[in-house]
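The values are calculated or read from the model by the stated rules, or taken from the named source; none is laboratory data. Because the structure is predicted, anything quoted here is derived from the model rather than measured. Quick reminder, even Gly has a Cβ in these numbers, built from the backbone with ideal geometry, and neighbours come from all protein chains shown. Areas reflect the complete protein model, heavy atoms only, side chains present, ligands, DNA and RNA absent. Shrake-Rupley method; radii C 1.70, N 1.55, O 1.52, S 1.80 Å.
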Amino acid sequence: MPPAGRRRPGRSTALAAGAVALGLSSVLCLLHTYLTRPLWYDEIWRAHFVSEPLASFWSELTVANTPSAFGWLGITRLTGEVFGWHAWSLRLPGYAALPLLGGAIVVLTRRFAGTGAAVLAACWLCLNTTFLDLATQLKPYTVEALAAVCIVGVWTADPLGPPGEVPAAGAVRGLDRGRLARRMAAGALALAAVPGIFVVLPLAAVDLWRGPARRWRLVECLPAIVLSTAHTVGFVAHQSSQRNGDYWDRQFLAGRGPWAALRFVAEQIRATVTGSPPGIDRFDPSLIHGTVPAGPLGSAPAVLIGIAVAVAGGIGVVALARHRQGRALLAALGGAELMMLGASAARYWPFGPTRTNLYVVPLLVVVVMVGAERAIRFLLSTVRARLPRGGPQRAAERSKSALPTLPIPESVIALSLSDFSSGPITEGDGGSTLPGTVVPAPAASPATPPPALAGPARVPPLAGSRLGWARAAVALPIAVIIAITGCGALLAQTSLSGSRPLWEHRDRLRGLNLMVDAALVTRRVARPGDVVAVGGRLARPGWLYAMEASDDGPRDPADLRPSPGREQRSRPGGAGGTAAAADETSAVGSLVTVPASRGAAGGTGGPVVDGASAVGGHRPADLAAGTRVAVARGGGTPARIARRDTVFFGGTRPALVRQLAHRPVPPGHLLVFVFDIERSDLAGQLASLPGAGWCATQDWNFRLTGVLTRYDRCAPGARPPRRVIVAYH
């Protein structure tokens, strides 16, 4: 087995990488329904910032939930522009990155380990159900992991560089244009990952730390340093508004005392070693987690896996530290962790096993797999060294024949080492006589019992202990190999434990899945002069994407039908929410069903009338010029509502009643959408609408998303009209 760092990608590596990529593509084909299901909250806000018009793109980024990389935004926007703003088109970059990531892990691991270990490393990460769940969503984590692996792979791909410190014959001692091109490619790859700078800077530090021609090495690394630094300072830092919130406080070093900081670092390192390689994300409750099965052994399997991962990782560190390419990989991994820890002290980046740090998991997997392979190879070589060529049976026979035995008190035939003739030996002094001489055995004493005619030979205690040590020297490595294999099997079970739920829940709703449906219903029931109010800070980006950019239709035109609702009469002063209506009112009428339209792309609100719908007996008038986009002739697509006809309330924004009072033209009707999880916080603002002359007349309830309510003008203090509730599933 050649030492680490001497391997070059060959035909076997290319075949293994291609096979892994093909297998992962087949898995994604089985999960193709994940492409087309509606965007949920964690995805739809990203879709908004990707699709925002260029005129307001830069200003919108200041309120982004979390920063996004320029390269990822550009690739995702390109797919939206080319294929349309659909959920499946926006998820394509993450889907395509998964097979490429598997192939890249194989290529990188093959520089330090065998093909089997490289394939196992790729499958360990890419087939984990939690990682698959992230990869099949509109999220950048798969692309960032691919970028990190490619940065390390490109940076260490030096065709003239040897594994040691001495430059190879023919190596360029001045400016190496090939190395310059590879460093520039690494810098370009860093633009596709927010944490790209965490990988580039440690690799550049290794190049500049030691070695000849340091000035030329700086020139070669300069493009990567400039690109990654400019991207981080100029683009990523512009989106750092969430550092002012409290969502990542558990992962920030900031605000902790000395002892609390040490405990925090130790706990995060422990969680990283025992949790990251399986791809566990501990802070997203929407994910399907793979957990170590406890069973009758309690937490012993989890402890065993943690110890095995830690030991294999330590062996991998020692093995990689002996070679230049391995040291570069360790520098990228350790430097990234140190830089993330420093950034967490300033509340810029979370530290520990979180989904934002998934990009270092492939590097951890490579280190652990290299250590595991080295340990197994060492143990196998130890076993082979203890066993002669004849195998275990002959080894045991040889061990027994080499030990002295006690012969029976009779004449026996012995083989002479000189002429292979028969000759007797006696029990007296153990010396042999000349060949052909027969020495009678002494008679047994009457006082001693007769010896057994047959039975095993008696082994002296010293010889028996040596035999036991020899057997233990063979059995112990075999037991360790079995333990390592068992830990690997348990890890595989843990990694794939969510496969069935992942398959069964491919059509499940996660929250805010029906935002596009709510926007389609709003577009159908809105009339010229109406104002749409969207409540909830978290609902704003999703609503803007669903209303202004999305080309998707309803969740399922066949199944997404309004379920039977009841006519409700709300009490005076009701807040207008569905939950409040269910608690504070009683049914006074028959069931009301609003049929879904199949002919329109957004048929969820009643029969189509001139590109809109007739709901509650109201027929829309002509569309206001300059307020809505023209309806396509014959398509039945409802018109979009302009942003100037939409107000947002909640959070730090002014109250809804105040915003309505300051509008230059009073609205004819009011359509209010309230995000589910923020409804209780906005109940007071909704309760003030009847006092301002607005009475709720109809509700559309979108499960796990929110409630759309239409308000009509009414006299303050008047009895509220009858209220219709339509529920969507």
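Computed on alpha carbon atoms, what radius of gyration and Dmax characterise the range 209-266, expressed in Å?
Rg and Dmax of the range 209-266, Cα atoms, are 18.1, 47 Å.
In what order, largest first, do MET369, MET339, MET184 sit by accessible area if the probe radius is 1.4 Å? Write out the running numbers ahead of the final one.
Values: MET369 30, MET339 60, MET184 90 Å².
Greatest to least solvent exposure: MET184, MET339, MET369.
Round to the nearest 0.05 the FRET efficiency obtained for TYR247 and LEU31 when R0 = 25 Å and r is the Cβ-Cβ distance. Spell out each step's value before the answer.
On the way: r = 29 Å, r/R0 = 1.14.
It comes out at approximately 0.30.
Among TYR34, ALA19, ALA47, which residue has its Cα positioned farthest towards the positive end of the charge dipole of the range 6-47, with +1 placed on the Cβ of Lys and Arg, -1 on the Cβ of Asp and Glu, and the dipole taken about the Cα centre?
With unit charges placed on the Cβ atoms, the residue in question is ALA19.
Please report, in debye to the nearest 20, how large the charge dipole of the range 1-144 is about its Cα centre when each Lys and Arg carries +1 at its beta carbon and each Asp and Glu carries -1 there.
Values: 11 positive and 7 negative charges, 178 e Å.
In total the dipole reaches around 860 debye.
Taking all protein chains together and a probe of 1.4 Å, list GLU267, GLU52, GLU81 from the most accessible to the least accessible. Display every interim value, and only then the final one.
Values: GLU267 85, GLU52 5, GLU81 110 Å².
Order by accessible area, largest first: GLU81, GLU267, GLU52.
Not counting ligands, DNA or RNA, and with a 1.4 Å probe, what is HIS238's accessible surface area in Å² rounded to the nearest 10?
50
Ordering LEU333, LEU92 from largest to smallest accessible area (1.4 angstrom probe), what's the sequence? Walk me through the intermediate numbers first.
Details: LEU333 20, LEU92 55 Å².
Result of the area sort, largest leading: LEU92, LEU333.
Can you pull the three principal axis extents for the Cα set of the range 304-364, in Å, largest first?
35, 32, 17
Report the accessible area of PHE198, computed with a 1.4 Å probe over the heavy atoms of all protein chains in place, in Å² rounded to the nearest 10.
20
Only residues of the range 653-675 count here: report those whose backbone N is under 11 Å from the spot 7 Å along Cα→Cβ of ARG713, or say none.
666-669
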